[in-house]
Amino acid sequence: MTTPTLERPSGGDRASLPLTAPQLPPVAPLLSALMAVGAAVLVGLLLSWSLIPIVVLGWLLLLVVLPTWSLLLEGRRKAVDRMVTGLVWSTFALAMLPLLSLIWQVVAKGAPALSVEFFTYSMRNVIGEGGGIYHAIVGTFLVTGLATLISVPIGVLAAVYLVEYSSEGKVAKTVTFLVDVMTGIPSIVAGLFAFALFVLIFGPGIRMGFGGSVALSVLMIPIVVRATEEMLKLVPDELREASYALGVPKWRTIVKVVLPTALSGIVTGITLAIARVAGETAPLLIIAGSATSMNWNPFSERMATLPVFIFSSITETGRYPEAQTQRAWGAALVLIMIVMALNLIARVIGRVFAPKTGR
C-alpha cells in the first residue's frame, strides 16, 4: 500500500496565487450612503413623503447596498461583518436621537432665561417677569449635601461588612437582598417613608429640607453599597494576605490597603449616586415642600429645590404662564448642567485616584 504524496505547486502556479483578497475602496461606505440617500430622496419626491419616511428608507437601503456590494466583491464573511457593523451604528444612532433631541429642546428653550438676575435672585414677591432660582439652587445643594453625609458612611461601612466580614453569612445574604429591593423602589415611596417618619416625630404638616435629605438618602444608600461592594471585590486577595503576613490587623488592612486601592471606584460610585438623586422630584415635593424665598436652615420650614421649582412653575402658571414656563426651562437647563458636571467630576476623580501601575 503506497502513501499518497502532496505535490508542491510549481513556480508558475505559486506566482498565480493571489496574495491579497479583493477589497472595497475606503470610500465605499460614503458612496453607498450617497446612493442610498439619493434613491430614498427620489422615491420620497415621487410619492410625496415627509422627512422621516425618507430617512428610514435611506437607512434601510444603506443596510442593503453596502453588504450586497461587499458580498459580490469581498465575500460572505466580510459582507456579514459590514452588515453587523451597520446595525450596531444604527442602534447607536437610534439611542442617541432622544438624548440629542432632549438636550436641544432644553438648551433652545432654557438658554434665553439664563441671566445674572436668574442666578442671584429668588422668587420672593415676584409675580410676573423677573425673579430667579437662587433659592432653589441653594436648597438643592443643601438637601443633596446632607443626603450625601447620611448615605456615604452607611453605604461604605455596609459594603465593607458584606465583603470583608460576612460575605457568606445569612446576615450578609439578607442585607444583599434588601439592598437589591431598595435599589428598585420608586422614589415616591422614599418620600412617603420620610414623611411618615417626620410626622411621627414632629407632628402633622411637617415640611423641612432635612426630611428631603432623609428621603434622598434612602435612594442613595443602595447605590453606594452596590458600587462600594463591587469595587472592594476587585481588590486582589494577595494585597490583604501580604498585609496579614506582616502582622497588620484586619481593620488597619481595610483602612490602609483595601479602601485606598478601591478609592477611585468608590468615589465615582458616590458621585454618580449624587447625580442620580439630584433630580428627584416626588420625595422632595412630599416632605421638603416648595418655597419662593431663601431658606438656609434645612431643619426649619419648607425649602425650595430645582426639581420642585420646575414642577411648580409648570403646574402653577397663574396669570403669567409664559414667564413661569420660561423659568421652568431655565431651571431644567441648570439642573442638567449640574448633573453633567457631577458626571464629569466622577470621571476626573476616577482617573486621579486610580491605582498607579507604574514604578
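Going by the conditions given, is residue 99 surrounded by fewer than 19 Cβ atoms within 10 Å (Cβ to Cβ), under 22 Å from the mean Cα position of the chain (by Cα) and at pLDDT 90 or above?
No: the conditions fail for residue 99.
Working only within segment 70-96, note down all residues that are open to solvent by 80 Å² or more (accessible area, probe 1.4 Å) and among the basic types (Lys, Arg).
Within segment 70-96, 76, 77, 78 meet the criteria.
If you take the residues in segment 151-171 that are farther than 17 Å from residue 258 by Cβ and without any contact (Cβ under 8 Å) to a residue 12 or more places away in the chain, which one is most open to solvent (accessible area, probe 1.4 Å)?
170
Taking helices (runs of 4 or more DSSP H) that fall entirely within segment 233-283, which contain at least 3 residues that are open to solvent by 70 Å² or more (accessible area, probe 1.4 Å)?
In segment 233-283, the matching helices (runs of 4 or more DSSP H) lie at 237-245, 250-253.
Write out, first by first residue and then by second, each pair whose Cβ atoms fall under 7 Å of each other, whose residues are 6+ apart or on separate chains, and whose first residue, in segment 51-78, is within 18 Å of residue 91 (Cα to Cα) while the second is of a type in the set (Val, Ile, Thr) and at pLDDT below 85.
none
What are the pairs with Cβ atoms under 6 angstrom where one residue, in segment 253-273, is at negative phi and the other, located anywhere, is among the polar types (S, T, N, Q) and surrounded by fewer than 19 Cβ atoms within 10 Å (Cβ to Cβ)? Sequence gap at least six, or different chains.
Final answer for the pair search is 253/243; 257/243.
With the checklist (1) modelled with pLDDT of 90 or more; (2) among the hydroxyl-bearing types (Ser, Thr, Tyr); (3) more than 22 Å from the chain's Cα centre (by Cα) in hand, flag the one item residue 167 doesn't pass.
Answer for residue 167: the failing condition is (1).
Where residues in segment 106-145 are part of a helix (DSSP H, G or I) and of a type in the set (Phe, Trp, Tyr), which of them is farthest from residue 271 (Cα to Cα)?
118
So, residue 5, is that one at pLDDT below 85, open to solvent by 60 Å² or more (accessible area, probe 1.4 Å) and more than 30 Å from residue 132 (Cα to Cα) or not?
yes
Are any residues in segment 35-52 open to solvent by 100 Å² or more (accessible area, probe 1.4 Å) and either under 35 Å from the mean Cα position of the chain (by Cα) or of a type in the set (Lys, Arg) (or both), and if so, which ones?
Residues satisfying the conditions are 51, 52.
Could you tell me whether any residue of segment 160-176 is within 23 Å of residue 306 (Cα to Cα) and part of a helix (DSSP H, G or I)?
No: segment 160-176 contains no residue that is within 23 Å of residue 306 (Cα to Cα) and part of a helix (DSSP H, G or I).
When residue 322 is evaluated against the numbered criteria (1) free of Cβ contacts under 8 Å to residues at least 24 places away in the same chain; (2) charged (D, E, K, R); (3) open to solvent by less than 60 Å² (accessible area, probe 1.4 Å), which criterion, by number, is the only one it fails?
Result: residue 322 passes all but (3).
Enumerate the pairs (first residue in segment 105-126 and at positive phi; second residue anywhere and open to solvent by 50 Å² or more (accessible area, probe 1.4 Å)) with beta-carbon separation below 7 Å, excluding pairs fewer than 6 apart on the same chain, so at least 6 apart or on different chains.
Listed pairs, sorted by first residue: none to list.
The values are calculated or read from the model by the stated rules, or taken from the named source; none is laboratory data. From a predicted model like this one, the values you see are computed outputs, not experimental measurements. Glycine gets a Cβ as well: all are built from the backbone with ideal geometry, and neighbour counts include every protein chain shown. For the accessible areas, the whole protein counts, side chains as well, though only heavy atoms, and no ligand, DNA or RNA atoms are used. Shrake-Rupley method; radii C 1.70, N 1.55, O 1.52, S 1.80 Å.
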